[in-house]
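Encoded as structure tokens, the structure appears first; notes follow it.
The values are calculated or read from the model by the stated rules, or taken from the named source; none is laboratory data. From a predicted model like this one, the values you see are computed outputs, not experimental measurements. A quick note on method: Cβ atoms are made from the backbone with ideal geometry, for glycine too, and the neighbour counts reach across all protein chains shown. Note: areas computed on protein heavy atoms with side chains; ligands, DNA, RNA excluded. Shrake-Rupley method; radii C 1.70, N 1.55, O 1.52, S 1.80 Å.
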Amino acid sequence: MKSPRNSWLARKAAGLFLTLTGWQVTGELPAAKQAVIIAAPHTSNWDFVYLIAAAAHLGLKINWLGKASLFRQPLGYFMKRFGGIAVDRSKHNNLVQQLVLKYQEDSDVNLVIPPAGTRKHTDHWKSGFYHLAMAAEVPLIYGYLDYPRRIAGLSKPTRLTGKLPFDMEAIRQFYKDKIGLYPEKTSHIRLQEEDIN
């Protein structure tokens, strides 16, 4: 069983990077070994860099999704070593179900998902993160970057209730004062399902 905890060296390197770039980290290493981690607001390519550094500084090894073609040798080993999970989009399998199987097979999965799905402004978040957390029966962790204050952090794990409006309102309240690098590109925190129901 691999550990989701990063090595001492990775933690120190991440801490040094964040210090040199003027960032602070809030939160603590989650007790839960599995989670879906929201990455928001997502408005810049730098978001992924800072979130990875913040997670490493806290000692948490995170996972991310990549096209299956990126995992071919010789890069495949390194992609997996650094938390990558290959997704075969040529298959018509439901992505959520593919990922639920990954959670069932591996006891240490902390998948980072940017629900906006893009760095551009959108009117809705994609709902995959929500359905995955519910189907895999794992908690959500709110990962965030607040650029004006240069604070990166992770919330405590929280369990979804399955009551969509209630859960989404809690998420909106958490992120209401978190500002991305390009505020005008920040997507609305709302799922299309909320407009249908």
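Residues in region 105-117 include at least one that is of a type in the set (D, E, K, R), modelled with pLDDT under 95, under 24 Å from LYS61 (Cβ atoms) and under 17 Å from the mean Cα position of the chain (by Cα). Checking each residue in region 40-67 for being surrounded by fewer than 14 Cβ atoms within 10 Å (Cβ to Cβ) and free of Cβ contacts under 8 Å to residues at least 24 places away in the same chain picks out VAL49, LYS67. Only one of (1) closer than 30 Å to PHE17 by Cα; (2) within 18 Å of the chain's Cα centre (by Cα) is not met by GLN73, so which one is it? Failing condition for GLN73: (2).
Among the residues of region 68-77, none is identified as open to solvent by less than 20 Å² (accessible area, probe 1.4 Å) and of a type in the set (Ser, Thr, Tyr).
Number of residues in region 28-39 that are in contact with a Phe, Trp or Tyr (Cβ under 8 Å, 6 or more places away or on another chain), of a type outside the set (S, T, N, Q) and open to solvent by 10 Å² or more (accessible area, probe 1.4 Å): the value is 1.
Of the residues making up region 44-77, just one is assigned to a loop (DSSP other than H, G, I, E, B) and under 19 Å from GLY128 (Cα atoms), namely ILE62. Could you tell me whether any residue of region 176-191 is over 15 Å from the mean Cα position of the chain (by Cα), without any contact (Cβ under 8 Å) to a residue 40 or more places away in the chain and closer than 22 Å to LEU58 by Cβ? For region 176-191, residues over 15 Å from the mean Cα position of the chain (by Cα), without any contact (Cβ under 8 Å) to a residue 40 or more places away in the chain and closer than 22 Å to LEU58 by Cβ: present. Charged (D, E, K, R), in contact with a Phe, Trp or Tyr (Cβ under 8 Å, 6 or more places away or on another chain) and either in contact (Cβ under 8 Å) with a residue 12 or more places away in the chain or open to solvent by 60 Å² or more (accessible area, probe 1.4 Å) (or both): is that true of LYS80 in this structure? Answer is yes for this residue.
Within region 11-27, the set of residues being modelled with pLDDT of 95 or more, more than 16 Å from PHE48 (Cα to Cα) and surrounded by 17 or more Cβ atoms within 10 Å (Cβ to Cβ) is empty.
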